[in-house]
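To keep things clear, I will list the structure first and then write my remarks on it.
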């Protein structure tokens with residue numbers, strides 16, 4: 001089998017540079033969507049339901065995009081056309097969402113906002129899935145940890161920028177409460193404008209700088225036989241799902257259930273526990289919303305730092321140990337938010353959340369990509385996205401019930417629920433089979 005070339009650092013950097021912009025947008029969506037929908041009139045008990053449309057759509061779209069990109073070849077490449085197309089739709093949705101109130105004559109603003117959330121999240125996923133496949137396509141086994149750790153690094157830099165944007169814009173003088181007769185603060189509106197623009201520019205950079213391996217060369221690098229190139233039905237592909245992917249699905253379920261709960265309820269929890277308010281239109285609640293953005297940025301900074309260490313740690317200690325440790329730190333960080341009623345102490349909670357976030361964005365893909373057949377990399381990565389969307393759907397359907405019957409209506413108690421789920425994810429990692437680690441051990445024995 002012909003070996004893939006060893007890429008330079010900057011070649012690996014370019015593979016994921018567009019993820020920087022996508023994560024700025026995704027971070028704004030995660031930290032500010034509940035704030036926007038609450039301002040537009042959504043009830044706190046209904047918030048998880050508004051978030052449901054996006055993961056449901058992602059569950060359907062991702063496998064289609066994955067299978068399509070496996071079978072696509074254009075002058076721009078295999079994955080790049082989908083990455084670029086998704087970025088364009090994402091940016092448009094980001095421009096419209098914070099202005100949902102201005103369509104009141106056509107439909108209720110909160111419904112329009114929910115539709116924009118749907119389009120935005122679908123488009124983010126259309127771009128994200130091929131990005132993950134692109135790294136798997138282009139790097140060799142020795143650079144797999146570096147490739148996905150670099151992607152995690154850029155993703156978390158984007159998360160920092162996106163999370164801090166409303167806070168920074170407020171700091172330079174842009175108003176952080178809605179204008180008279182309006183619902184969404186200008187600081188949020190301008191954050192989405194800036195985020196959408198940066199998203200387009202960074203994805204364009206990757207699209208223009210990366211040259212994917214042509215089909216024949218790709219087949220040689222991955223030893224793809226004529227038998228492997230035969231088209232199979234989606235059902236056949238599902239039946240042949242690698243065991244490692246199924247094991248990782250359990251970890252992903254608990255991880256993303258925890259993250260969904262955090263994203264939906266963190267603003268309300270912080271407002272309740274630190275600012276002692278539940279009024280989404282109050283100045284105190286909007287301060288809590290900005291601080292939630294700061295906290296998202298802080299855990300992004302911790303994630304950036306951990307991402308720089310993660311590849312070396314994984315090479316030395318093994319991916320599973322690093323992954324499990326990181327998720328356990330995330331569990332402690334989430335649960336500690338219930339304990340801290342001082343906004344600055346919450347920065348300590350974000351240390352654990354940031355370490356977990358860095359690992360969630362890299363380790364499952366590094367483990368999975370080594371276990372997937374190269375000819376089906378895209379479709380399996382697309383199917384794997386179900387391990388992100390299904391837990392969000394479950395959390396969306398059950399979140400209101402958990403809030404009412406388990407948390408007693410308290411948003412801050414939901415952070416304990418998230419912490420327990422993340423701890424279960426950490427335990428589940430021990431049952432995952434790491435194919436690449438087994439290969440390395442076999443090579444050492446043969447030496």
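The values are calculated or read from the model by the stated rules, or taken from the named source; none is laboratory data. As the structure is a computational prediction, the values presented were derived from the model and not from experiment. With ideal geometry, Cβ positions are generated from the backbone for all residues, glycine too; neighbour counts draw on all protein chains shown.
A few remarks follow.
- Just one residue in the set 34, 27, 69 is touching a helix residue (DSSP H, G or I) at 6+ places or on another chain (Cβ under 8 Å), part of a helix (DSSP H, G or I) and modelled with pLDDT under 80; that residue is 34.
- Beta carbons closer than 8 Å, at least 6 apart along the sequence or on distinct chains, pair a first residue in the range 253-281 that is on the phi > 0 side of the Ramachandran plot with a second that is assigned to a helix (DSSP H, G or I) and surrounded by fewer than 24 Cβ atoms within 10 Å (Cβ to Cβ) for 276/284.
- Scanning the range 48-59 for residues that are surrounded by 23 or more Cβ atoms within 10 Å (Cβ to Cβ) and either under 13 Å from residue 129 (Cβ atoms) or modelled with pLDDT of 90 or more (or both) turns up at least one hit.
- Some residue of the range 139-160 being in a helix (DSSP H, G or I), free of Cβ contacts under 8 Å to residues at least 40 places away in the same chain and either surrounded by fewer than 23 Cβ atoms within 10 Å (Cβ to Cβ) or at positive phi (or both): no
- The single residue among 98, 44, 63 that is modelled with pLDDT under 75 and more than 17 Å from residue 212 (Cβ to Cβ) turns out to be 44.
- The range 264-286, residues that are in a helix (DSSP H, G or I) and crowded, with 22+ Cβ neighbours inside 10 Å: 264, 265, 266, 267, 268, 269, 270, 271, 273, 285, 286
- Being touching a residue at least 12 places away in the same chain (Cβ under 8 Å), under 17 Å from the mean Cα position of the chain (by Cα) and under 16 Å from residue 419 (Cα atoms) is a condition met by no residue of the range 366-389.
- Checking every residue in the range 218-237 against the condition of being outside any helix (DSSP H, G or I), under 26 Å from the mean Cα position of the chain (by Cα), touching a residue at least 60 places away in the same chain (Cβ under 8 Å) and over 30 Å from residue 400 (Cα atoms) gives zero matches.
- Residue within the range 291-304 that is modelled with pLDDT of 90 or more and either part of a helix (DSSP H, G or I) or farther than 16 Å from residue 149 by Cβ (or both) present: yes
- Checking each residue in the range 216-243 for being under 16 Å from residue 66 (Cβ atoms), at pLDDT 80 or above and surrounded by 12 or more Cβ atoms within 10 Å (Cβ to Cβ) picks out 218, 237, 238, 241, 242.
- Taking the range 111-132 as the range and being buried (at least 22 other Cβ atoms within 10 Å of the Cβ) and more than 15 Å from the chain's Cα centre (by Cα) as the test, the residues that pass are 113, 114, 116.
- Extreme residue, surrounded by the fewest Cβ atoms within 10 Å (Cβ to Cβ), among residues of the range 67-82 that are under 21 Å from residue 20 (Cα atoms) and out of contact with any strand residue (DSSP E or B) (no Cβ under 9 Å at 6 or more places or on another chain): 76
- Applying the set (1) farther than 21 Å from residue 288 by Cα; (2) buried (at least 21 other Cβ atoms within 10 Å of the Cβ) to residue 353 leaves exactly one unmet item: (1).
- In the range 161-193, the qualifying residues are those that are without any contact (Cβ under 8 Å) to a residue 40 or more places away in the chain and in a helix (DSSP H, G or I), and the one that is surrounded by the fewest Cβ atoms within 10 Å (Cβ to Cβ) is 171.
- Being surrounded by fewer than 20 Cβ atoms within 10 Å (Cβ to Cβ), under 30 Å from residue 144 (Cβ atoms) and out of contact with any helix residue (DSSP H, G or I) (no Cβ under 7 Å at 6 or more places or on another chain) holds for only one residue in 313, 309, and it is 309.
- Subset of the range 338-360 (residues that are in a helix (DSSP H, G or I) and farther than 18 Å from residue 303 by Cα): 338, 339
- Residue 12 under 16 Å from residue 122 (Cα atoms) and either in contact with a helix residue (DSSP H, G or I) (Cβ under 7 Å, 6 or more places away or on another chain) or surrounded by fewer than 24 Cβ atoms within 10 Å (Cβ to Cβ) (or both): no
- Test for residue 213: is it out of contact with any strand residue (DSSP E or B) (no Cβ under 7 Å at 6 or more places or on another chain), at pLDDT below 85 and either surrounded by fewer than 19 Cβ atoms within 10 Å (Cβ to Cβ) or farther than 28 Å from residue 24 by Cβ (or both): no
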